[in-house]
Every structure is written in structure tokens, then in C-alpha cells.
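The values are calculated or read from the model by the stated rules, or taken from the named source; none is laboratory data. Keep in mind that what you see is a predicted model, and the values were worked out from it rather than measured. FYI the Cβ positions are ideal-geometry reconstructions off the backbone, even for glycines, and counts take in every protein chain you see. When the accessible area is computed, the model is the full protein with side chains, heavy atoms only, and any ligands, DNA or RNA have been set aside. Shrake-Rupley method; radii C 1.70, N 1.55, O 1.52, S 1.80 Å.
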Amino acid sequence: MTDPTATASAAADPMAAEMQRVDDVIRRRLASEVVLINQISHYIVSAGGKRIRPRLVLLTAAALGFNGQEKYELAATVEFIHTATLLHDDVVDESDLRRGRKTANALFGNAASVLVGDFLYSRAFQMMVSAGRLRVLDVLADATNVIAEGEVLQLMNMHDADLSVDDYLRVIRFKTAKLFEASAQLGAVLADAPADVERSCANFGRALGTAFQLVDDLLDYEGDTTALGKNVGDDLREGKPTLPLLLAMERGTPDERQLIRHAIEHGESERLAEIIAIVRRVGAIQATRDAARIEAAKARDSICTLPDGPAREALLELCVRSVERSS
Ligand code: GRG
């Protein structure tokens, strides 16, 4: 007899069964004899998340005709790396809300969060070795190194109201787009695709990841805390010069420019409501979304030569969803 819940979820997400396979690997690979590791890693993983990076692995592999079981292991691997970065990032940013729940650092403390992040990160390396391909290690070792560089660059840019748009873009390419790039590239690596196809998939992921982070940054001014599952206004509180603020300074009156500059330099959000109103009025949110649309169009162009079929269609659809999202 057909399982009605399986049918319903398949209608909502045609990849539901595939993603379930990834979740099965995630749960199996979380296992540790150390109680606190199990507790914290299950806490963050069971809160869900969009699982967009594992989808990229599965879809690029499928688009290129690869259907081996290793794809689930690698899809779970990139989600582990992503989860490790979230655990570390929430400590660095002192965030207290993630995926609609208290962050692990708020609940278990900074030390436990960093260390369980280390566990997930090193477990990811055990998993990628099990793929038995040096190219997989090459791609992911490079990606994780660049992500860490991006986070350090971001730290250096904190409170810098004179940051250039190029320097801002460099940070988001490193800290976010790199893992999207690696995820899409891994599908091609699994499929033993020629170098130019591997490059196209990597370019797709890089542009999609850039679009994704641009939207992430605008939602911090446009979004709703409940829908986002994290606090809006956190970037301003931290003095993070993201594109909506840089554009608002460019387009605002001298007084408005001064207000935003002061907020970035001192990392304060007492006048958050006023700043959000300025960011919206001068069209900085719209302009940031437009920049994301341009990146998404680049992503779509990158895979125009991939074989036509449902997997390529789903990749194209991801470009739309990543930009037109509100959470
Ligand atoms: C452990 C390799 C390693 C590095 C640590 C802290 C750090 C260096 C990197 C942080 C990078 C980071 C968190 C970038 C932001 C990426 C981002 C947009 C996260 C949110 O992604 P979603 O929306 O999250 O896909 P969900 O919750 O849906 O999974």
C-alpha cells in the first residue's frame, strides 16, 4: 500500500525521497560515543535547514548521469561542513536564534559549540576520504580553507563604513559561495565529467551562492524574525557593512549617511527601525535583490550546456527560489 505521507511530501518536493536518503546518512554519521556530541549535533541537525548544498551535489550528479550511492555520502558531507560553519559562526557573531530555535551556543555554551563544530568538520573529512577520490578531497580541502579565509576577512572588515562593494563581494564569495561552488562541482567530479563541464558546474554554484548570500544580507533588513528563524537586524548590531547598508549610504542624504556610518562604526542598533526605513526608502533592498538576480542569471547561463532534463530544470528552479525567497 502507498504511504500517503510519502506521496504528499513527494508532491511538495520531487526530491523528497532522495533528500531522505541524505538525512539517513546524516543521522548515521552523527553517531559518537560522546553524549554531548550526540546531544548538540542532533539538536542543530534536527532543526532542519534548507539542505540546499546537498541538493546541489545530487542535482549536478544527476544532470550528468551519475547515480552511484556515493552521492548521498558526499551530499551529507557538505551539509556537515555547512553545519560546522554555522556552529562556529553563531559563536563568533554571538547569535542566539538559528533555524527558529535557540542557537547551540546560547543553550550549551561557546566551548561546546566550537568543539562540536570541530567534530562535524572532522567527521566530514572522514566521510570525504571514504569516497576514495583525491579530487573530492582536493575540492573540499580548498573550499573549507577559503571559507575560513572569508570569515577572517569579514572580521577584518567589521565596523568599516568605507568598505568597497568589491571587498564586500569578495567576502561573500569566500564565506558562502565557495561551499555552493564545491557542492555543485562535486556532482561533476562524481560523474567523471570533463574539466570544462566541472568548471561550468563550479561557476554555477559560485554564482548561485553569491546570489544566495546577497539575499541573506537583504533579508536582515527586509525579513521577519519568525519566518527567517533568526533575528533581523543582527548584521547592524554587529557593525557588518553589507550591501544594503553600503548602497543606502551611497543613496541617502548626508544626515542619513552619517547615521548609518555611526551605526556601522559602533555596531549599535538603537536606531535600527530608522535605518531599516532608510534602507527601504532609498531602494537599497531592491537594488541588492537586483544584484542577486544578475548573479542568478549568470548561474543559469553557466549550465546552459548541461544535458537537458529534470535535474537541470531543478537546478534552474533553485536559482529562482534562492533569489525570490523570504526565508
Ligand atoms: C569550520 C570550515 C570552517 C570554517 C569556520 C565560522 C566560519 C569559519 C565560517 C562561517 C561561514 C558562514 C556561516 C557563512 C554564511 C553562510 C550562510 C548563508 C548560512 C545560512 O545558510 P542557509 O540559509 O542555512 O542555507 P540553513 O539553516 O537553511 O541550513
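Results, tabulated for the structure shown:
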quantity	calculated
Test set (1) hydroxyl-bearing (Ser, Thr, Tyr); (2) open to solvent by 50 Å² or more (accessible area, probe 1.4 Å); (3) farther than 20 Å from Glu181 by Cβ - Ser113 fails condition number	(2)
Cross-chain or 6+ apart pairs with Cβ under 9 Å, the stretch 302-323 first and farther than 18 Å from Gly209 by Cβ and in contact (Cβ under 8 Å) with a residue 40 or more places away in the chain, then charged (D, E, K, R) and part of a helix (DSSP H, G or I)	Thr305/Asp196
Helices (runs of 4 or more DSSP H) fully within the stretch 222-295 counting 1 or more residues that are modelled with pLDDT of 95 or more	243-251, 254-266, 272-281
Filtered residues of the stretch 74-90 (kept if open to solvent by 10 Å² or more (accessible area, probe 1.4 Å) and out of contact with any Gly (no Cβ under 6 Å at 6 or more places or on another chain))	His82, Thr85, Leu86, Asp89
Candidates Ala211, Ala207, Ala184, filtered to the one that is modelled with pLDDT of 95 or more and over 29 Å from Ile276 (Cα atoms)	Ala184
Check on Asp235, in contact with a helix residue (DSSP H, G or I) (Cβ under 8 Å, 6 or more places away or on another chain) and among the acidic types (Asp, Glu)	yes
Selection count where residues are part of a helix (DSSP H, G or I) and within 13 Å of the ligand (Cβ to nearest atom), scope the stretch 44-68	8
Matching residues in the stretch 138-150 - criterion: being more than 11 Å from the ligand (Cβ to nearest atom) and free of Cβ contacts under 8 Å to residues at least 12 places away in the same chain	Asp138
Hits in the stretch 152-188 - residues which are more than 21 Å from the chain's Cα centre (by Cα) and of a type outside the set (S, T, N, Q)	His159, Asp160, Ala161, Asp162, Leu163
Unmet requirement for Leu163, which otherwise passes all of (1) within 13 Å of Val78 (Cα to Cα); (2) touching a Leu at 6+ places or on another chain (Cβ under 9 Å)	(1)
Some residue of the stretch 307-314 being closer than 23 Å to Arg51 by Cα, open to solvent by 70 Å² or more (accessible area, probe 1.4 Å) and assigned to a helix (DSSP H, G or I)	yes
Ile276 open to solvent by less than 10 Å² (accessible area, probe 1.4 Å), touching a helix residue (DSSP H, G or I) at 6+ places or on another chain (Cβ under 7 Å) and away from the ligand (no atom under 16 Å from the Cβ)	no
Whichever residue in the stretch 23-43 is of a type in the set (A, V, I, L, M, F, W, C), assigned to a helix (DSSP H, G or I) and away from the ligand (no atom under 13 Å from the Cβ) and, among such residues, is surrounded by the fewest Cβ atoms within 10 Å (Cβ to Cβ)	Val35
